[in-house]
Structure formats: structure tokens, C-alpha cells
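J.: Take a look at the following structure, please.
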Amino acid sequence: MSADQTPQNSAATTGVPTGSAAPAASQMWGGRFARGPAAIMEKINASIGFDKRLADQDIAGSKAHAAMLAKQGIISQADADAIIAGLDRVKAEIDAGSFTFKVELEDIHMNVEARLAELIGEPAKRLHTGRSRNDQVATDFKLWVRDAIDRTIAGLTALQAALIDLAEQHTGTVMPGFTHLQAAQPISFAHHLLAYVEMFGRDRSRFRDARCRLNECPLGSAALAGTPYPIDRFMTAEALGFNRPTANSLDAVSDRDFALEYLSAASICAMHLSRFAEEIVIWCSAQFRFIKLSDAFTTGSSIMPQKKNPDAAELVRAKAGRVIGSLNSLLIAMKGLPLAYSKDMQEDKEPVFEADDTLALCIAAMEGMVRDMQPNVPAMREAADRGFLNATDLADWLVRELDMPFREAHHVTGRAVKAAEDRRVGLTDLSLAELQAIEPRITEAVYPALSIEASLNSRTSFGGPAPVRVQEAVKAARERFL
């Protein structure tokens with residue numbers, strides 16, 4: 001979709017040998033070419049199959065451009081009025097599903113312009129004054145990505161709301177916290193959920209940053225070197241909601257950083273969704289039983305009637321690869337391109353469109369699973385009572401009460417854990433005599449400090465899992481994110 005690649009008017013065909021060619025050149029090419037393209041060239045060159053998604057943005061950009069041309073006296077107000085009214089009719093046809101997209105017209109820009117010419121005649125030919133398909137597509141695509149970012153942020157906000165709502169109900173629900181997927185220290189279920197609220201908050205921030213940087217308008221940069229017409233780029237930028245026009249015409253038509261930034265933020269977000277999905281899969285397993293999902297987000301087995309599979313979570317986990325793959329695809333397409341426009345850049349849209357579709361689906365599915373989730377509080381507590389989650393609390397007690405250096409306390413605690421393992425009991429099941437055989441200064445006062453509740457309640461540092469801190473964190477999250 002380049003200004004120096006105007007669409008040809010040969011018939012759309014598929015499956016034709018490479019050597020087949022249309023008999024005549026299109027009028028849209030002008031007089032430069034004597035013959036039309038090979039059918040296979042027409043097929044590889046066309047982008048209307050996917051860039052028709054840009055219809056709303058293309059029409060909005062053209063309306064802003066026409067209004068500016070009239071204000072600047074480049075075209076008449078009557079022609080601008082006819083163009084804008086005609087574009088509104090084109091949009092109405094597209095919205096109604098009655099518009100015919102033609103492959104032989106290559107892309108959304110020429111499909112809209114050709115239909116406009118059918119509707120209003122001569123004035124349509126003046127619309128392209130002072131612009132190129134290069135700056136036109138860059139503008140359309142930026143507008144589309146900006147809208148996609150807004151949709152994504154809204155979806156993430158809804159997901160955060162679901163997590164905060166669930167966390168608020170479980171600030172006192174004890175579960176194991178893990179490192180290396182090994183039980184480590186007691187936390188609350190709410191504390192775990194709020195960790196993902198923070199992750200998705202950073203995702204929202206990345207999308208907002210990307211939106212801020214992309215919000216400069218390429219329109220008026222033309223093919224690469226601007227235009228001799230007295231256009232007002234600030235007017236079109238303001239009309240389309242951009243902060244300012246782009247500062248360099250060459251960069252403006254060459255830039256796809258905005259798409260790469262969107263895909264980068266989307267990839268990190270998809271990774272976060274995948275991590276959460278993995279935990280949901282684990283939590284649903286018979287070995288954990290931390291949560292249940294209803295039939296709305298699970299499926300059965302064709303052969304094993306007892307199975308209830310967390311397929312929605314598994315698919316979210318898998319689909320992260322598609323989003324990350326989209327980022328890689330565009331990075332590879334852009335990495336070797338000299339300035340300014342190359343046809344390679346037509347390959348920018350499909351990865352972004354696919355990533356947006358995939359990410360939106362995954363965010364919605366994850367919100368649905370969170371709202372559907374039924375925590376198994378007894379199973380979480382039972383797991384917290386296993387695995388010596390209070391070992392660090394013993395070490396901390398030795399430091400506080402006996403003024404023992406932490407490294408020494410760590411060694412003493414390790415010996416106590418070994419003794420408990422040998423007896424297949426918990427630390428609190430060791431007798432005082434057994435503990436004193438390891439460290440003679442230990443007293444009965446150690447036992448209250450080793451309860452799971454005491455462990456959890458003691459961790460009152462900012463950002464910690466003590467219920468009082470988590471309750472504060474829930475309130476703060478509502479204020480920060482919702």
C-alpha cells in the first residue's frame with residue numbers, strides 16, 4: 001500500500017500460473033505501464049483481505065484531509081462537502097455489510113476512493129491531493145492501533161476488577177507461597193491474586209506509554225518528502241486526536257515502532273496471562289485442589305468420564321505463543337528495510353490484527369475464569385500445614401529472641417527440619433527436648449511463633465501478606481486501578 005504502487009484494474013483471479021497476465025494496464029497506474037500484472041502478482045500484492053479492518057480509520061483520515069484541503073483553499077468547499085458526504089455514504093455501506101471489496105483495487109484506500117468516485121464523480125479525484133498512500137496507511141494504522149490499545153486497557157481493567165473482587169473475599173485465606181514450585185512460606189490467597197493485579201497494572205502502563213509515543217500524525221508527509229501544497233498538518237492532527245504532526249516526513253512513512261511497541265506490550269501481557277493460566281491448571285489438579293472451575297470453563301474427556309479439564313486456561317497458556325510470534329514476525333520484516341517505504345511493510349498489519357484478536361480473547365477468558373473460580377479454602381490450608389512453611393519463622397525467632405546471627409539461625413533451623421523429616425512430623429510436633437538438643441537456649445515461647453497464623457500475621461512489612469496489609473492493599477488497588 002504505497003503511493004508509488006497504485007492499484008491495477010485487472011480482474012481478480014486465483015490459482016493462475018505465474019506467467020498469466022492481464023491484457024491491459026489499469027487507468028490507475030497512469031501511462032507508465034503497458035500491461036497489467038500477472039495474476040499471481042495481483043494475488044500477492046493485494047491486502048484488502050485484511051486491511052479492510054482499517055475502513056473506519058481510513059474514512060476518518062480522508063474526511064479530516066478533505067476538510068483541511070478546503071480550509072487551505074487547495075480544493076473548493078463544495079468539493080470537500082461532496083467528498084465528506086460521499087465518505088459518510090461509503091461508511092454506511094461498509095457498516096451495513098453491503099459494500100463490495102474488490103481485490104483488483106488492492107487495498108482499503110483504493111476501494112474506498114473508487115467507491116467514492118462512483119458515488120460523487122469528479123470531486124473524488126481531488127481527495128488524494130497533498131497526500132500519498134504511504135502517509136495515509138501510516139495514519140490509518142496508527143489510529144487503529146490507538147483504538148486497539150484503548151480496548152486492551154479496558155479489558156485489563158475489567159480483569160483487575162475481577163481479581164480485586166475475589167481477593168477482597170480471601171484476605172484471611174491461607175495458602176502456601178511457592179518458589180521453584182516448592183512450598184516456601186505461608187501467604188494468603190488474596191495476596192497471590194493481588195500479585196497479578198500488579199502485573200496487569202504494569203501492562204496497562206506499557207500500553208499507555210506506547211499510546212503516548214504513537215500519538216503523532218503522519219498525514220501530510222506524502223510519499224516520503226512532504227508536499228508542495230500549502231497544507232496544514234496541525235489541523236489534520238488535531239482533527240484526528242493526535243497530539244501533534246510527526247516532525248520528519250521520511251521517518252513518518254518509515255516508522256512502525258508504534259506497531260512493534262504495541263506487540264511488545266501485548267507479548268508481555270500474554271506472558272502474564274500464560275503464567276496465571278499455568279497456575280490455574282495446577283490449582284485445578286487433583287494433587288492441589290486449590291480451586292474449581294464450573295462447566296462454563298472446563299471440558300470433559302472422550303474416554304475418561306471422571307475428567308474435568310481446565311481447557312480455557314490451557315488455551316490461554318498456549319495462545320501466548322501466537323502473540324509473541326506476531327512480535328517476532330514484524331521485527332524480522334522491519335529489520336533490514338532502508339528508508340523510506342518498502343512493500344515489506346504491508347506485512348505489518350496481519351501480525352498486529354492477530355495479536356489483538358488473540359489477546360482480547362485471552363483477557364476476556366481470564367476475567368471469566370476469575371469470576372467463575374471457586375477457591376477450596378480447606379485444601380489451601382491443608383497444604384499450608386505441610387512442607388515446613390514455618391521454618392523461616394523459627395530462624396527469625398532465634399534471631400529476635402536469642403540474638404543469633406541469621407546464618408547460624410538458618411543452620412540450626414535446617415537441623416530442626418531434618419529432625420522433623422526423620423520423624424515425619426511438623427516442626428511444632430518436635431518436643432522442647434528435641435529442639436533443645438539442637439539449640440539449648442530454645443524455650444517453650446518458640447511454639448506460638450511457629451503457628452501458620454502467627455507466621456502470616458507477623459509479615460507486616462509494606463507489600464507483605466499479613467491480612468491487615470492485604471486488606472490495605474485491596475483498598476489501594478481499587479483506588480489505583482479501577
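J.: Pick out, from region 149-258, the helices (runs of 4 or more DSSP H) lying fully within it that include 3 or more residues that are of a type in the set (G, A, S) and within 29 Å of L361 (Cα to Cα).
T.: Working: elements: 189-214, 233-239, 249-254.
Fully inside region 149-258 and qualifying: 189-214.
J.: Restricting to region 317-335, and then to whatever is open to solvent by less than 60 Å² (accessible area, probe 1.4 Å) and touching a Ser or Thr at 6+ places or on another chain (Cβ under 7 Å), can you tell me which residue is farthest from G368 (Cα to Cα)?
T.: L327
J.: Restricting attention to region 411-427, which residues are out of contact with any Leu (no Cβ under 9 Å at 6 or more places or on another chain) and in a helix (DSSP H, G or I)?
T.: H411, G414, R415, K418, E421, D422
J.: Pick from region 396-410 the residues that are part of a helix (DSSP H, G or I) and aliphatic (A, V, I, L, M): which of them is most open to solvent (accessible area, probe 1.4 Å)?
T.: V399
J.: Please pick out the residue among A437, A476, A454, A466 that is in contact (Cβ under 8 Å) with a residue 60 or more places away in the chain and small (G, A, S).
T.: Sole residue among the options that is in contact (Cβ under 8 Å) with a residue 60 or more places away in the chain and small (G, A, S): A454.
J.: Specify which of the listed residues (E216, E198) is assigned by the TED database to the domain that holds D140, open to solvent by 10 Å² or more (accessible area, probe 1.4 Å) and closer than 19 Å to S264 by Cα.
T.: E198
J.: I need a count of the residues in region 293-309 that are closer than 13 Å to V281 by Cβ and in contact (Cβ under 8 Å) with a residue 40 or more places away in the chain.
T.: Of the residues in region 293-309, 2 are closer than 13 Å to V281 by Cβ and in contact (Cβ under 8 Å) with a residue 40 or more places away in the chain.
J.: Same structure, new question: Can you go through T129, T171, T157 and tell me which one is of a type in the set (S, T, Y), more than 17 Å from the chain's Cα centre (by Cα), open to solvent by 10 Å² or more (accessible area, probe 1.4 Å) and farther than 30 Å from K63 by Cα? Walk me through it before giving the result.
T.: Details: T129 fails: farther than 30 Å from K63 by Cα; T157 fails: more than 17 Å from the chain's Cα centre (by Cα).
Step by step, each of T129, T171, T157 is checked, and only T171 is of a type in the set (S, T, Y), more than 17 Å from the chain's Cα centre (by Cα), open to solvent by 10 Å² or more (accessible area, probe 1.4 Å) and farther than 30 Å from K63 by Cα.
J.: Only one residue in S76, S98 is under 35 Å from the mean Cα position of the chain (by Cα) and among the small types (G, A, S), so which one is that?
T.: S98
J.: For E314, are the conditions met, namely being in contact (Cβ under 8 Å) with a residue 12 or more places away in the chain, in a helix (DSSP H, G or I), open to solvent by 60 Å² or more (accessible area, probe 1.4 Å) and closer than 22 Å to K52 by Cα?
T.: Details: in contact (Cβ under 8 Å) with a residue 12 or more places away in the chain: yes; in a helix (DSSP H, G or I): yes; open to solvent by 60 Å² or more (accessible area, probe 1.4 Å): yes; closer than 22 Å to K52 by Cα: no.
It is false that E314 is in contact (Cβ under 8 Å) with a residue 12 or more places away in the chain, in a helix (DSSP H, G or I), open to solvent by 60 Å² or more (accessible area, probe 1.4 Å) and closer than 22 Å to K52 by Cα.
J.: Report whether or not H109 is touching a helix residue (DSSP H, G or I) at 6+ places or on another chain (Cβ under 7 Å), under 30 Å from N457 (Cβ atoms) and in contact (Cβ under 8 Å) with a residue 24 or more places away in the chain.
T.: no
J.: Right, something else. Within region 207-230, does at least one residue satisfy the condition of being among the small types (G, A, S) and within 30 Å of V474 (Cα to Cα)? Step through it out loud before you land on a result.
T.: Going through region 207-230, the residues among the small types (G, A, S) turn out to be 210, 220-223, 225-226.
Subset that is within 30 Å of V474 (Cα to Cα): 210.
Within region 207-230, one or more residues are among the small types (G, A, S) and within 30 Å of V474 (Cα to Cα).
J.: Any residue that is without any contact (Cβ under 8 Å) to a residue 60 or more places away in the chain and in contact with a Gly (Cβ under 8 Å, 6 or more places away or on another chain) - is there at least one of those in region 407-423?
T.: Looking through region 407-423, at least one residue is without any contact (Cβ under 8 Å) to a residue 60 or more places away in the chain and in contact with a Gly (Cβ under 8 Å, 6 or more places away or on another chain).
J.: Taking F290 and the conditions (1) over 29 Å from R386 (Cα atoms); (2) surrounded by 21 or more Cβ atoms within 10 Å (Cβ to Cβ), which numbered condition does it fall short on, given that it satisfies the others?
T.: (1)
J.: Somewhere in region 108-117, is a residue closer than 26 Å to M345 by Cα, open to solvent by 30 Å² or more (accessible area, probe 1.4 Å) and at pLDDT 95 or above?
T.: yes
J.: Related question: Which condition number in (1) more than 18 Å from F388 (Cα to Cα); (2) surrounded by 12 or more Cβ atoms within 10 Å (Cβ to Cβ); (3) under 50 Å from the mean Cα position of the chain (by Cα); (4) not basic (K, R) is the one that E439 fails?
T.: (3)
J.: Within the group R423, R459, which residue is of a type in the set (D, E, K, R) and open to solvent by less than 70 Å² (accessible area, probe 1.4 Å)?
T.: Unique residue meeting the criteria: R459.
The values are calculated or read from the model by the stated rules, or taken from the named source; none is laboratory data. The model shown is predicted, which means the values in this text are computed figures rather than measured ones. Positions of Cβ are generated from backbone atoms using ideal geometry, with glycine treated the same way; all protein chains shown enter the neighbour counts. The area values use the complete protein model at the heavy-atom level, side chains included, leaving out ligands, DNA and RNA. Shrake-Rupley method; radii C 1.70, N 1.55, O 1.52, S 1.80 Å.
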